[in-house]
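The values are calculated or read from the model by the stated rules, or taken from the named source; none is laboratory data. Nothing here was measured: the structure is a model prediction, and the numbers come from that model. All Cβ positions, even for glycine, are placed from backbone atoms using ideal geometry, and neighbour counts span all protein chains on display.
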């Protein structure tokens, strides 16, 4: 196998993404403008936080369905504190503490009571949705205006959005933790075979609770960024759409939905892919309903390609 | 530092409900000793090793290390005093590297930082590999290794944690001939380092080839424990069964000239080349060779699981569409027993009855509803005919022993319309007693006129079963023998790819 072929096989999501970019550029040259690139980088931040939190959960063989609606809920928590105090400090403390607590709650039920993550986090999803509507009745909203929200939503360093730099830093941190500390090995081991991981002396419950605490924290952070970008919060935000984009990003990036395998780099490129698709379909003025249909088709095509390449690798190694 | 440990188990007893699984057992393992533990399924050898490994608790007796009692109440206690068990299902993590697996749970880090010292871990693994004369890349992902190498990784992990007593449960059951030799060499090297090994196996040649001492268990008791030099294969087998083994004798029968299967010019690049053979009604044709010889792929092509082959397969006079699929094959009288019983053979959470009746449910329905009476009749007859030992037909199959599970896999195909039965490694991991039962079932089917195609890697089994044998080497049929000119040495040479000076 030539090096070029191997490069293509192992990093195909990069090439798929670049190919899509080229197509969109040919259709609409505006796609490649600096402004648009910048817009994409800002749009993907909440999805990226969801994807990052979800990544560890999925590699460990679990899933966190609550992440999307939880970020809507935590954006509302921030809004409520802002409304009460006129500042953000207490709101941020509350969001971080609350989101980690929610993650620990999910993780404890999954780890200690051996409940399926799917059901546990589906229940938290319902609770987050219900509580959001309880705090702010449907149709109403809280506006968030102030230097903090402007900073999160629009501040740039060297022409790059601060929020995107924050996301990129988190991805780098996650890369180091996943590849160069024992936590990464433990998560992979648990996703491959929990029983064997336990027999190797790994504290499986602690790792699982930690993973869910992190995914909870990511939901909270996504909530903060979401609220700043929108400038208002309301319970009708499409949190589940956010969740699905995040899951799609990591799966397209080569993470095995059944757990045990995945790379941070792949997840990042999957995220870029989702960002590009979302942006360009908007740019091309594709109607909302068709937007989703196209997105579905493109994701399946990308996955099919991943699968074909994976299969061909299997044949090669034997 | 040489290991000088002595482990003794004294007067160990363990009961499960009414049954005494271990009855006042005394067992000892010295430093650097390879101690073979044999016995039929249910003799108590796995209970004994589980007590030693801390998986189950003894009712009575004590375990002594160098003369002082030790408490082993959970698996980690056993690990702490240097006892490791290598199970048949490897506990390696496929997505991690060799080094990461060996250091899993006790990784080395750079100084006091949380960062992994991958270089040092790889170096230590390389050191360990060198010490035992093994060649594996520490940075390779374990999923890319073959089963022999995975087993070595598993053993190395035990050695890296300073284990000195390694319990191996049927270590060769999933290994090719080449990997077996590597394992034996590895065992000898470990022995030189003073590592002790408890070796559970059914294979007499292996036991007498590598073990210093052999202990035989029967009905929860130790009935023989001798140096291998001071006893014999016959004596061990006699003690295992408690009676002189009534050798399975191939019945007289006439093979019809009516071909049930004809394979012509079968080719699949990288798997097999120019395969031609036939199977007649009542004939047992055995394909043999080393692992990787291509025989399983041929069998799967016939059953319709593979479609990318060139050539022609004619079944009962009808040319098969490529990849016709198991559904078609079963409906037209073909049966298939997979080599991987637990994965592709049984449905673990279902009852014995459900496992037996599954392929023929479609025949026993009235207006789409299962005819319970008819099904029960078939199930009871199948259990009787195969001599399956089960508490009842409603017992979940996962509670049965390997041999009995395999009998259930056979029971599915006792249907009167069976014309061709394909068997992949029909006695893998099964004790001698159950083996004889399986051979009897196969012969009974052949006498009834069923054509039988067997894949076996065990030469003794080939000699015992085959009316005709095809030996394959790397995808080619290298020889074909009938019953009159079948010889063990010739077969072994052909299997191993030894060039014949014609």
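Against the conditions (1) facing chain A (nearest Cβ under 9 Å); (2) surrounded by 14 or more Cβ atoms within 10 Å (Cβ to Cβ), residue B:54 satisfies every one except (1). In the range B:347-377, of all residues being assigned to a helix (DSSP H, G or I) and in contact with a helix residue (DSSP H, G or I) (Cβ under 6 Å, 6 or more places away or on another chain), the one that is nearest to residue B:400 (Cα to Cα) corresponds to B:352.
Residue B:113 falls short on exactly one of the conditions (1) within 10 Å of another protein chain (Cβ to nearest Cβ); (2) in contact with a helix residue (DSSP H, G or I) (Cβ under 9 Å, 6 or more places away or on another chain), and that condition is (2).
Among the residues of the range A:192-205, the ones that are under 13 Å from residue B:105 (Cβ atoms) and in a helix (DSSP H, G or I) come to 5 in all. Summed over the range A:138-149, the residues that are in contact (Cβ under 8 Å) with a residue 60 or more places away in the chain and either more than 16 Å from residue A:231 (Cα to Cα) or in a helix (DSSP H, G or I) (or both) give a count of 3.
Restricting to the range A:146-197, give me the number of residues that are out of contact with any strand residue (DSSP E or B) (no Cβ under 9 Å at 6 or more places or on another chain), more than 8 Å from chain B (Cβ to nearest Cβ), surrounded by fewer than 16 Cβ atoms within 10 Å (Cβ to Cβ) and farther than 22 Å from residue A:263 by Cα. Number satisfying all stated conditions: 9. Out of all the residues in the range A:237-247, is one or more more than 14 Å from every other protein chain (Cβ to nearest Cβ) and in contact with a strand residue (DSSP E or B) (Cβ under 9 Å, 6 or more places away or on another chain)? The answer is no, given that none of the residues of the range A:237-247 is more than 14 Å from every other protein chain (Cβ to nearest Cβ) and in contact with a strand residue (DSSP E or B) (Cβ under 9 Å, 6 or more places away or on another chain). Residues of the range B:121-152 being part of a helix (DSSP H, G or I), surrounded by fewer than 17 Cβ atoms within 10 Å (Cβ to Cβ) and under 28 Å from the mean Cα position of the chain (by Cα), which ones? Passing the criteria: B:143, B:144, B:147. The residue list B:454, B:462, B:450 contains one member that is closer than 16 Å to residue B:290 by Cα and at pLDDT 90 or above, which is B:454. With respect to the conditions (1) touching a helix residue (DSSP H, G or I) at 6+ places or on another chain (Cβ under 9 Å); (2) at positive phi; (3) surrounded by fewer than 17 Cβ atoms within 10 Å (Cβ to Cβ), residue B:289 lacks only one, and its number is (3). Looking at the range A:118-131, is at least one residue farther than 17 Å from residue A:81 by Cα, away from chain B (no Cβ under 14 Å), touching a strand residue (DSSP E or B) at 6+ places or on another chain (Cβ under 7 Å) and surrounded by 15 or more Cβ atoms within 10 Å (Cβ to Cβ)? Checking the range A:118-131: not a single residue is farther than 17 Å from residue A:81 by Cα, away from chain B (no Cβ under 14 Å), touching a strand residue (DSSP E or B) at 6+ places or on another chain (Cβ under 7 Å) and surrounded by 15 or more Cβ atoms within 10 Å (Cβ to Cβ).
Looking at (1) facing chain B (nearest Cβ under 8 Å); (2) surrounded by 24 or more Cβ atoms within 10 Å (Cβ to Cβ); (3) over 22 Å from residue B:111 (Cα atoms), which one does residue A:211 not meet, given that it meets all the others? For residue A:211, the exception is condition (1). Checked against the criterion of being within 25 Å of the chain's Cα centre (by Cα), on the phi < 0 side of the Ramachandran plot and in contact (Cβ under 8 Å) with a residue 24 or more places away in the chain, the candidates B:237, B:275, B:249 yield just one match: B:237. In the set B:71, B:100, which member is surrounded by 14 or more Cβ atoms within 10 Å (Cβ to Cβ), touching a helix residue (DSSP H, G or I) at 6+ places or on another chain (Cβ under 9 Å), in the same structural domain as residue B:14 (by TED's automatic domain parsing) and farther than 19 Å from residue B:190 by Cα? From the options B:71, B:100, the qualifying one is B:100. Any idea which residue in the range B:479-500 is surrounded by the fewest Cβ atoms within 10 Å (Cβ to Cβ), counting only those that are in contact with a helix residue (DSSP H, G or I) (Cβ under 8 Å, 6 or more places away or on another chain) and free of Cβ contacts under 8 Å to residues at least 60 places away in the same chain? Residue satisfying both the conditions and the ranking: B:500.
Scanning the range B:325-346 for residues that are outside any helix (DSSP H, G or I), over 20 Å from residue B:429 (Cβ atoms) and free of Cβ contacts under 8 Å to residues at least 24 places away in the same chain returns a single hit, B:325. Any residue at all in the range A:227-234 that is more than 14 Å from chain B (Cβ to nearest Cβ), under 30 Å from residue B:117 (Cα atoms) and crowded, with 18+ Cβ neighbours inside 10 Å? The answer is no, given that none of the residues of the range A:227-234 is more than 14 Å from chain B (Cβ to nearest Cβ), under 30 Å from residue B:117 (Cα atoms) and crowded, with 18+ Cβ neighbours inside 10 Å. Exactly one residue out of B:418, B:424 is under 19 Å from the mean Cα position of the chain (by Cα) and at pLDDT 85 or above, and it is B:424.
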